[in-house]
1. Within the stretch A:344-356, take every residue that is crowded, with 24+ Cβ neighbours inside 10 Å and within 7 Å of chain B (Cβ to nearest Cβ) and give me the one that is nearest to the chain's Cα centre (by Cα).
2. Output the helices (runs of 4 or more DSSP H) that fall wholly within chain B and possess 2 or more residues being within 7 Å of chain A (Cβ to nearest Cβ) and crowded, with 17+ Cβ neighbours inside 10 Å, or say none.
3. Under 8 Å by Cβ, and 6 or more places apart or on different chains, what pairs join a residue from the stretch A:432-457 that is away from chain B (no Cβ under 14 Å) with one that is in a loop (DSSP other than H, G, I, E, B) and aromatic (Phe, Trp, Tyr)?
4. Being more than 8 Å from chain B (Cβ to nearest Cβ) and without any contact (Cβ under 8 Å) to a residue 60 or more places away in the chain is the filter here; which residues of the stretch A:373-387 pass it?
5. Here is a check on your reading of the model: is A:Val285 more than 7 Å from chain B (Cβ to nearest Cβ) and either farther than 28 Å from B:Asp46 by Cβ or in contact (Cβ under 8 Å) with a residue 60 or more places away in the chain (or both)?
6. Give the residue, chosen from A:Thr134, A:Thr176, that is over 20 Å from A:Ala432 (Cβ atoms) and surrounded by 24 or more Cβ atoms within 10 Å (Cβ to Cβ).
Amino acid sequence: MSGLVGLGAQALRQRVAGRDVSSEEVARAHLDAIEAVEPSLDAFLAVLADRALERARALDRRLGKGEKAPPLAGVPIAVKDVLHIEGLPTTCGSRILEGYRPPFTATAVARLEAAGAIVVGKTNMDEFAMGSSTENSAFKPTRNPWDVGRVPGGSSGGSAAAVAARLAPLALGSDTGGSIRQPAAFCGVVGLKPTYGRVSRYGLVAFGSSLDQVGPFGRTVGDVALAAALLFGADPLDATSVDGPAGDPGSALGRGASALRIGVPRGFLEKGVEAQTLARFDEAVAALGKAGATIVDVDLPHLVHAVATYYLVATAEASSNLARYDGVRYGRRAGGPSDLRSMYGRTRDEGFGPEVKRRIILGTFALSSGYYDAYYLRAQKVRALIRRDFDRAFAACDAVATPTTPAPAFRLGEKTSDPLQMYLEDIFTVPANLAGLPALSLPCGFASGLPVGLQLLARPFDEETLLRAGAAYQARTGHHEATPPLCAA
Amino acid sequence: MPRVTVETVDHVARLAHLSLTGEERTLFARQLDEILAWAESLQAVDVSDVEPLAAAGKGALREDTEASGLPRERALDAAPDPAEGLFRVPRIIGG
């Protein structure tokens with residue numbers, strides 16, 4: 001593959017900027033890699049070969065005229081199929097959006113494309129980003145490149161698997177309760193969920209509007225920081241996006257972990273973490289200590305309630321957001337019914353998969369008259385207590401460390417029949433969404449040959465601390481350089 | 001804690017405009033009952049004097065300035081049944 005596949009974003013950009021290789025060669029090498037690996041991986045819902053080559057050639061022409069190379073010049077990226085690209089189908093992993101071609105492009109995608117990135121494809125996902133395994137995709141499950149009998153995690157499983165298998169150095173995902181970090185952990189790559197409001201959600205299909213956030217995947221913290229710097233910042237088209245306190249994620253990287261205080265919530269880790277995963281976590285914390293960080297104990301007493309809180313809040317918001325799929329304005333409409341109510345009901349029953357229906361039912365129940373106070377309102381109050389726990393913890397530390405998941409990737413089909421077991425997978429990731437915090441997952445070794453993720457959480461708008469600590473960790477360890485058995489490079 | 005029955009699911013499905021099959025109704029009733037039984041732990045948390053947290057961010061408002069929106073024909077492009085510049089739906093009144 002001409003030695004281009006397997007290079008990181010920064011290295012590829014440098015070679016394209018130096019006119020050492022063309023953007024077209026880079027795109028072609030990655031498209032060839034996708035063609036070779038995709039039949040065993042199923043990471044993509046659409047491969048955009050023609051569009052990618054056309055855009056790469058256009059970039060090459062501009063560079064040929066002496067134009068300065070933009071920060072992601074020629075870097076291939078994979079985009080989760082929850083983000084719109086004008087004129088191309090967005091499925092969101094669902095049958096209900098069949099035939100839908102959005103008339104606008106998501107700001108996150110537009111910003112990376114404006115920086116010279118080349119989108120090679122739209123990646124597979126759990127339907128409407130609801131799931132932790134990508135098995136809820138209406139089209140196909142994605143495989144884990146470390147073991148094709150296992151799930152890549154979810155809901156952004158396609159993006160994580162594509163980056164792990166070296167089909168793109170960078171990818172975009174969305175994270176409502178862990179959908180970037182959990183698949184990053186399962187696939188052995190880096191995933192960043194930015195602070196709530198850091199990245200525009202214009203053009204992101206909504207799931208839980210008080211929780212959703214767009215973020216990047218990469219294989220190194222440096223590459224993730226590069227993408228983050230381009231993604232961050234207010235967008236007039238998303239009223240929840242804000243310009244955070246100044247921060248240049250890139251500049252943070254060289255500063256090491258010294259003087260950072262890292263909190264470990266031992267009480268919260270006591271139960272339910274698989275032994276090897278816990279051992280890798282402890283080693284990672286020790287490595288951060290060796291890199292100069294001070295390790296302190298923190299107490300987050302309400303986190304035991306995070307999953308229950310999350311599944312009431314997120315499903316309530318989903319039931320409201322998904323009311324728009326009614327067969328009237330876009331997507332699929334059930335044929336047959338001659339009255340409006342039946343048309344709505346049939347369209348939604350035919351168009352949505354079982355997990356989406358289950359969550360709509362749960363969320364509608366939590367919001368319904370007679371149950372609102374006991375479920376939705378109470379969950380919002382416990383949510384406030386969870387945030388208060390973090391406020392207190394961050395008085396004593398700069399980042400909180402946990403494993404990203406309680407155990408490594410599970411087998412395909414292992415948890416599909418028991419939704420509650422699947423939800424409990426999210427214990428370590430949902431707190432960041434409930435509290436609006438930035439969180440980073442990075443590879444920290446292996447448990448029985450499967451990647452384990454270290455998660456770091458920081459104060460709102462303090463992604464810098466996460467990237468600093470992450471870069472210091474990767475400078476001392478080589479876990480991020482390991483290649484999976486299913487790999488293009 | 002209220003037990004979730006098939007009748008509960010039917011009521012909620014009506015609110016959510018979902019026509020469920022018989023199988024889905026019984027499956028969801030059992031699963032929701034399990035999920036809510038497990039979420040029951042929230043009822044024991046002391047939330048007195050706690051203000052609910054609806055969202056973790058405040059967002060920012062922009063100036064209310066004139067700008068063009070999506071042209072009508074582009075918006076209608078994606079509709080399953082557009083007609084005469086409108087979204088056509090099955091008859092609602094009479095008929």
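1. Checked the stretch A:344-356; the qualifying residue nearest to the chain's Cα centre (by Cα) is A:Arg348.
2. Working: elements: B:6-15, B:22-39, B:72-77.
The qualifying helices (runs of 4 or more DSSP H) are B:6-15, B:22-39.
3. A:Gly449/A:Trp146; A:Leu450/A:Trp146; A:Pro451/A:Trp146; A:Gln455/A:Phe428
4. Taking the stretch A:373-387 as the starting set, the residues that turn out to be more than 8 Å from chain B (Cβ to nearest Cβ) are A:373, A:376, A:386.
Once the filter is applied, which keeps residues that are more than 8 Å from chain B (Cβ to nearest Cβ) and without any contact (Cβ under 8 Å) to a residue 60 or more places away in the chain, the stretch A:373-387 yields only A:Asp373.
5. Values: more than 7 Å from chain B (Cβ to nearest Cβ): yes; either farther than 28 Å from B:Asp46 by Cβ or in contact (Cβ under 8 Å) with a residue 60 or more places away in the chain (or both): yes.
The answer is yes for A:Val285.
6. Values: A:Thr176 fails: over 20 Å from A:Ala432 (Cβ atoms).
Criteria check complete, one pass: A:Thr134.
Here, each number is a calculation from the coordinates, and none is a lab measurement. On a predicted model such as this, the values are computed, not experimentally measured, just so you know. Glycine gets a Cβ as well: all are built from the backbone with ideal geometry, and neighbour counts include every protein chain shown.
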